[in-house]
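Input: a single structure, listed below in structure tokens.
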Amino acid sequence: MNYTIIALNALKDNYIWLIHDGQNAVAVDPTESHVVEQYLQQHNLSLKVILLTHNHPDHTGGVKALCERYAPTCIDNFVQQLADGQMLNLADLDLSVKVLLTPGHTLEHVCYLVDDKHLFCGDTLFGMGCGRVFTNDFVAMYSSLNKIKVLPESTLCYPAHEYTANNLRFITSVDTNHLYYQDYAKYLLMKLSSTQNSLPTVLADELHYNLFLRCNDPKVWAMVGTKCGELISDEENCFVALRQLRNTF
Ligand SMILES: [Zn+2]
């Protein structure tokens with residue numbers, strides 16, 4: 001399938017990602033049906049598949065209406081119980097889609113890796129951040145992020161929210177070596193001011209600059225420890241402390 005991936009803006013800061021080949025389309029987390037329908041109609045597309053990363057209403061809001069209208073295949077770990085590494089066979093679409101189980105934000109959260117290159121990561125990884133741990137299972141969330149970290153560095157990541165600018169502010173409040181972020185921050189803010197969209201983000205950049213992916217670095221333990229006033233001496237505690245700091249930022 002020769003396809004393009006586009007971002008549809010929805011709600012306050014959500015993205016609905018749409019993959020299409022000029023004829024058939026896949027929607028990821030279609031929270032508002034009218035946004036998707038409008039695009040499908042304008043471009044004469046037929047909706048074949050819905051991929052859901054998790055079952056929060058700001059991701060699933062449009063599913064019912066879209067299913068009634070287009071009868072797509074709906075992939076939802078909340079309903080079907082997918083397996084880690086499972087390859088999805090999507091009717092009519094020549095796409096390779098691999099499931100990564102990524103619990104932490106919710107228990108059923110999954111990411112979808114399309115053609116070993118495009119990662120639809122829902123509320124697990126954000127530009128310069130990660131999702132809230134609603135399950136309180138920080139160990140699970142941390143290992144979900146580690147699952148993403150080992151993908152090829154050229155992987156393009158498509159989170160479901162535009163939180164990058166705020167996440168950047170948070171990260172540079174913890175790591176005060178602003179020089180380190182200067183060029184990347186400039187690039188991000190330029191991209192945001194010209195397109196209002198910082199995504200997708202390249203995994204290599206996240207590995208460099210996203211503190212949530214750098215919790216295995218003792219230098220990061222020191223900065224997080226200073227910020228929260230605790231002694232941090234391992235990567236999981238570093239992740240918990242960092243995520244808790246972000247909750248109250
Ligand atoms: Zn969510």
Requested in this report: For Ser143, state whether it is under 16 Å from Arg243 (Cβ atoms) and more than 16 Å from the ligand (Cβ to nearest atom).
Outcome: yes
Report summary line: Out of (1) within 16 Å of the ligand (Cβ to nearest atom); (2) touching a His at 6+ places or on another chain (Cβ under 8 Å); (3) at pLDDT 95 or above, the one Phe78 does not meet is (3)
Report summary line: Within segment 89-105, the residues that are open to solvent by 20 Å² or more (accessible area, probe 1.4 Å) and over 19 Å from Thr155 (Cα atoms) are Asn89, Ala91, Asp92, Asp94, Pro103
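Please tell me if Ser154 is in a loop (DSSP other than H, G, I, E, B), open to solvent by 20 Å² or more (accessible area, probe 1.4 Å), touching a residue at least 12 places away in the same chain (Cβ under 8 Å) and on the phi < 0 side of the Ramachandran plot.
Working: in a loop (DSSP other than H, G, I, E, B): yes; open to solvent by 20 Å² or more (accessible area, probe 1.4 Å): yes; touching a residue at least 12 places away in the same chain (Cβ under 8 Å): yes; on the phi < 0 side of the Ramachandran plot: yes.
Judged against the criteria, Ser154 is a match.
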Query raised in the report: Taking segment 189-215 on its own, how many of its residues are part of a helix (DSSP H, G or I) and among the basic types (Lys, Arg)?
Result: 1
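Say whether the condition of being of a type outside the set (Lys, Arg) and farther than 22 Å from Ile6 by Cβ is met by at least one residue in segment 34-55.
In the first step, residues of segment 34-55 are kept if they are of a type outside the set (Lys, Arg); the result is 34-47, 49-55.
Filter again for farther than 22 Å from Ile6 by Cβ, leaving 55.
Checked segment 34-55: at least one residue is of a type outside the set (Lys, Arg) and farther than 22 Å from Ile6 by Cβ.
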Report task. Could you tell me which numbered condition Val133 fails, if it satisfies all but one of (1) surrounded by fewer than 22 Cβ atoms within 10 Å (Cβ to Cβ); (2) on the phi < 0 side of the Ramachandran plot; (3) over 13 Å from the mean Cα position of the chain (by Cα); (4) within 15 Å of the ligand (Cβ to nearest atom)? Result -> (1)
Report task. Could you tell me which numbered condition Ala71 fails, if it satisfies all but one of (1) hydrophobic (A, V, I, L, M, F, W, C); (2) open to solvent by 30 Å² or more (accessible area, probe 1.4 Å); (3) in contact (Cβ under 8 Å) with a residue 12 or more places away in the chain? Result -> (3)
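The values are calculated or read from the model by the stated rules, or taken from the named source; none is laboratory data. Everything numeric here is computed off the predicted structure, so don't read it as measured data. Because the Cβ atoms are built from the backbone with ideal geometry, glycine has one as well, and the counts that use them run over all protein chains shown. Areas reflect the complete protein model, heavy atoms only, side chains present, ligands, DNA and RNA absent. Shrake-Rupley method; radii C 1.70, N 1.55, O 1.52, S 1.80 Å.
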